[in-house]
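The values are calculated or read from the model by the stated rules, or taken from the named source; none is laboratory data. Note that the structure is a prediction, hence the values are computed from the model and not measured. No Cβ is skipped: glycine too gets one built from the backbone with ideal geometry, and neighbour counts run over all protein chains shown.
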Amino acid sequence: MAPLDVDRLRGDFPALHQDVNGHPLVYLDNAATSQKPVQVLDAVRRYYEADNANVHRGIHELSRRATEAYEGARNRVAGFLGTDDPAEVIWTRGTTEGINLVAASWGGENLGPGDEILLSEMEHHSNLVPWQLVARRTGATLRYLDVSDEGTLNLDQMDEILSGGRVRLAALTHISNALGTINPIREIADRVHAAGALLLVDGAQGAAHGPVDVAALGADFYAFSGHKLCGPTGIGALWGRRELLEAMPPYMGGGEMISIVERDMSTWAPLPHTFEAGTPNISGAVGLAAALDYLEGVGPAAILAHEQALVAYALEQLRPMPGIRLFGPEDPGARAGVVSFLLGDAHPHDISTILDSSGVAIRAGHHCTQLLMRRYGVAATARASFYLYNTRDEVDRLVTSLETVRTIFA
Amino acid sequence: MTTDVPLTSLYQDLILDHYRKPRNRGTLPDATVEVHVRNPTCGDEIRLQLLLEDGVIADLRFEGEGCSISQASASMMTSLIRGKPLPDALALGSRFTEMMHADADAATDGSLRDLRALAGVARFPVRVRCALLGFDALREAARQSAGEAP
């Protein structure tokens, strides 16, 4: 696998080439959202300039083209996920909507008192709160997997919970947004399935950092967002196994998702449109497909290897720093491009402000993982997250800026 | 934020001193008012307890969790308003808010005492809410003690 030609790739991302607070921008907040290459921006603009119309209804040329672009993008996502059935791909606003859809629709239909949903302490709030809502509505119970000191899931504990025979669905993240931990999804899927339960995978981070093959992973549902993998905001996809999706009631009602509408009741359009009420985010779908083309050109496996090399280098630089506390697996091969840390008694917001003043953008806060923060007894961490366009020089800039934090908070 | 604002304007020694050695930190068993405010965007929080006697802040304590700016500001505020009538304390809060909106007169107003060290925060707009959290708690406490719904 050839290493990434990062200098050439950086040329594709206009937003990277600017000064922030008098210094060249070092963008290390990629786990929050990625920057966008010109290929994606051009695809969205071309769509609006040449093909813009509503989909699936106009009997005119532009509507035909818009529909073709929209459904073509769906095929592109299906290919990305390794499925040959595009009807299993539901467009959403992003990962959050995908998980809410399954929780409300599948959960509302299949859960009841005594049933259990298996989550973990490292889940993002978007993979917790939807389950809390449906548990309250159906009387189901939430069970939680602990996270180890090093930031991994305890699979023995999973077996113990599964052996109770009450778990109907496990909803777990592919890659932790706060720690970078890559969870062993295949192994988890086998155990979950052996217990007769389903597995939903939160792919918000997972889809951005490497190849995804939902069949190989053993997922029953996989939700991801476009904006974390070079695509536009406001577009994402939920993949689900056809027989599961076909048995689920619609999530929202409206145009586009119906077949025949009567005064009291209607019939639904077939998959995938059952779950796509209203005029969809057509340009977003086009942009997401362009982003997937872009990533494919770069090589998803090479992206993960590049991130892991940067994490290894960053950990090497940070470990000796006095006062540093690092979170997540020690082995860079067990994580994606995320480094969460604390430094002395400097609060993460102070760290972030000081870094920002030298043009280094990181995230500071609870990362929408308050359960995980509580697990480690902290209110917040600072998080640097890398992507395909980040360099070792940028890691050096991060480290140098952290020396400024140490000086101020000496 | 404007280009290249020196960080020294933000992280003055006095601020770090209040952050590390907060004044009036703790709990007040005989408090007459207690409020808990939180900045949902960053999670900073402050619990403020007042002992009001005839409209005067006879004693007060705070506890909190958050960045140096939010915690130092709360500490400075408690030192400033202890022993003052509540309306005077609220007026100082308004003056401090003006300073956070880059009012140059407010920044040199001696009545704000240690809080003047926070004048530099006005040049870091995303941190202004942190600095105001302590006085947010005071305003909430004033509303509660006046018997209004929070």
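Here are a few things to note about the model shown:
- Residue match in segment B:3-20 (condition: touching a residue at least 60 places away in the same chain (Cβ under 8 Å) and either closer than 24 Å to B:Ala146 by Cα or among the aromatic types (Phe, Trp, Tyr) (or both)): no
- The single condition from (1) part of a loop (DSSP other than H, G, I, E, B); (2) closer than 19 Å to A:Gly203 by Cα that A:Ala237 fails is (1).
- Within segment A:157-186, being among the charged types (D, E, K, R) and closer than 16 Å to A:Val147 by Cβ holds for one residue alone: A:Glu160.
- Condition check for A:Ser401: crowded, with 22+ Cβ neighbours inside 10 Å, over 19 Å from the mean Cα position of the chain (by Cα) and of a type in the set (S, T, N, Q): no
- For segment B:29-67, the candidate set comprises residues that are more than 9 Å from chain A (Cβ to nearest Cβ) and acidic (Asp, Glu); within that set, the residue that is nearest to the chain's Cα centre (by Cα) is B:Glu63.
- Restricting A:Leu304, A:Leu342, A:Leu326 to those that are in the same structural domain as A:Asn21 (by TED's automatic domain parsing) and either in a helix (DSSP H, G or I) or closer than 23 Å to A:Val20 by Cβ (or both) reduces the list to A:Leu304.
- Any hit, segment A:396-403, residues being away from chain B (no Cβ under 14 Å) and outside any helix (DSSP H, G or I): no
- Flag if B:Ser70 is within 14 Å of chain A (Cβ to nearest Cβ), touching a Leu at 6+ places or on another chain (Cβ under 6 Å) and of a type outside the set (A, V, I, L, M): yes
- Reported count of residues in segment A:1-28, each being under 23 Å from the mean Cα position of the chain (by Cα), in a loop (DSSP other than H, G, I, E, B) and closer than 19 Å to A:Ser357 by Cβ, is 1.
- Among the residues making up segment A:130-154, those that are surrounded by 16 or more Cβ atoms within 10 Å (Cβ to Cβ), part of a helix (DSSP H, G or I) and free of Cβ contacts under 8 Å to residues at least 40 places away in the same chain are A:Pro130, A:Val134, A:Ala135, A:Thr138.
- Helices (runs of 4 or more DSSP H) contained in segment B:74-150 and holding at least 3 residues within 14 Å of another protein chain (Cβ to nearest Cβ): B:128-145
- Some residue of segment A:111-126 being in a helix (DSSP H, G or I), of a type outside the set (D, E, K, R) and buried (at least 22 other Cβ atoms within 10 Å of the Cβ): no
- Matching residues in segment A:345-393 - criterion: being within 14 Å of another protein chain (Cβ to nearest Cβ) and assigned to a strand (DSSP E or B): A:Ala346, A:Val360, A:Ala361, A:Arg363, A:Ala364, A:Gly365, A:Thr381, A:Ala382, A:Arg383
- Residues in segment A:261-296 that are part of a helix (DSSP H, G or I), out of contact with any strand residue (DSSP E or B) (no Cβ under 9 Å at 6 or more places or on another chain) and among the polar types (S, T, N, Q): A:Ser283 alone.
- Of all residues in segment B:21-72 being assigned to a loop (DSSP other than H, G, I, E, B) and among the aliphatic types (A, V, I, L, M), the one that is surrounded by the fewest Cβ atoms within 10 Å (Cβ to Cβ): B:Ala31
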